[in-house]
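Notes follow the structure.
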Amino acid sequence: MSIKKIIFTLSFFLLISCGYEPIYSEKNKKNYFFSIDKIEFVENTRLNRKIKSKLKPYMNLENKTKKIKLKIKSSKNKSIELKNKKGEAEKFKVEIIVNLSMAEHENYNKKINIKESFIYDNQTNQYNLAEHEAQIDNNLISKITHNIILYLYSLK
């Protein structure tokens, strides 16, 4: 029994002291080689404003080798995924699609599409449903902006 405790304690301290740091943390911004110079949106929507606020920490960073311009078009689709016998919606599916064009100079030559979706249950209380949908939107936008940063970080 004491050998298991010793092994557990040693492995715990080894994992804690391994020096792991998230690549995209605020502390590691100095390691980025890119800076987002400008973000242009096809339309001014709530989704686009949220995406811009999530990408703001990566904008106009000093002494970066690549200055990237982004053109973003986003859309949100909400559909009924499952109905009950009465024809009432039981499950919904929300899908956020972002079309991203990138340019280092003037031509938007690199394009990617990012799509995230989530299926959730309907609720009888409409206020709670609206709050839940807003939280789902925020989570999906966070995933999308994380994917955008990952993609920009992979360009070298």
- prompt: Consider Leu152 against the criteria (1) assigned to a helix (DSSP H, G or I); (2) within 12 Å of the chain's Cα centre (by Cα): it satisfies all of them except one. Which criterion is unmet?
  reply: (2)
query: Among the residues of the stretch 47-105 satisfying the criterion of being surrounded by fewer than 17 Cβ atoms within 10 Å (Cβ to Cβ) and among the hydrophobic types (A, V, I, L, M, F, W, C), which is nearest to Gln126 (Cα to Cα)?
result: Ala89
task: Determine if the stretch 121-132 includes at least one residue that is more than 20 Å from Leu82 (Cβ to Cβ), acidic (Asp, Glu) and not in a loop (DSSP other than H, G, I, E, B).
output: yes
query: For the stretch 48-92, what are the residues that are touching a helix residue (DSSP H, G or I) at 6+ places or on another chain (Cβ under 7 Å), within 18 Å of Ile114 (Cβ to Cβ) and not basic (Lys, Arg)?
result: Ile51, Leu55, Tyr58, Ile68, Ile72, Ser74
Breaking point among (1) in contact (Cβ under 8 Å) with a residue 24 or more places away in the chain; (2) more than 24 Å from Asp37 (Cα to Cα); (3) small (Gly, Ala, Ser), for Ser101: (2)
Hits in the stretch 23-41 - residues which are modelled with pLDDT of 60 or more and of a type outside the set (Gly, Ala, Ser): Tyr32, Phe33, Phe34, Ile36, Asp37, Lys38, Ile39, Glu40, Phe41
- prompt: What are the residue pairs meeting all of these: first residue in the stretch 49-64, first residue in contact (Cβ under 8 Å) with a residue 12 or more places away in the chain and farther than 14 Å from Leu152 by Cβ, second residue part of a helix (DSSP H, G or I) and of a type in the set (Val, Ile, Thr), Cβ atoms under 8 Å, and 6 or more apart or on different chains?
  reply: Lys50/Ile141
message: Among the residues that make up the stretch 89-109, is at least one of them more than 22 Å from Thr45 (Cβ to Cβ) and either among the β-branched types (Val, Ile, Thr) or at pLDDT 90 or above (or both)?
response: yes
- request: Test Tyr120 against the stated conditions and say whether it is of a type in the set (Phe, Trp, Tyr), more than 27 Å from Asp37 (Cβ to Cβ) and out of contact with any strand residue (DSSP E or B) (no Cβ under 8 Å at 6 or more places or on another chain).
  value: no
- request: Write out, first by first residue and then by second, each pair whose Cβ atoms fall under 6 Å of each other, whose residues are 6+ apart or on separate chains, and whose first residue, in the stretch 70-83, is without any contact (Cβ under 8 Å) to a residue 24 or more places away in the chain and farther than 15 Å from Asn139 by Cα while the second is part of a strand (DSSP E or B) and among the basic types (Lys, Arg).
  value: Ser79/Lys93; Leu82/Lys91
- request: Determine which member of the set Ile144, Ile136, Ile114 is under 24 Å from Leu82 (Cα atoms), modelled with pLDDT of 90 or more and within 17 Å of the chain's Cα centre (by Cα).
  value: Ile136
field: Test result for Asn44, polar (S, T, N, Q), modelled with pLDDT of 75 or more, part of a loop (DSSP other than H, G, I, E, B) and out of contact with any Lys or Arg (no Cβ under 7 Å at 6 or more places or on another chain)
entry: yes
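The values are calculated or read from the model by the stated rules, or taken from the named source; none is laboratory data. Everything numeric in this text was worked out from a predicted model, so none of it was measured. So basically every Cβ, Gly included, is an ideal-geometry build from the backbone, and we count neighbours across all protein chains shown.
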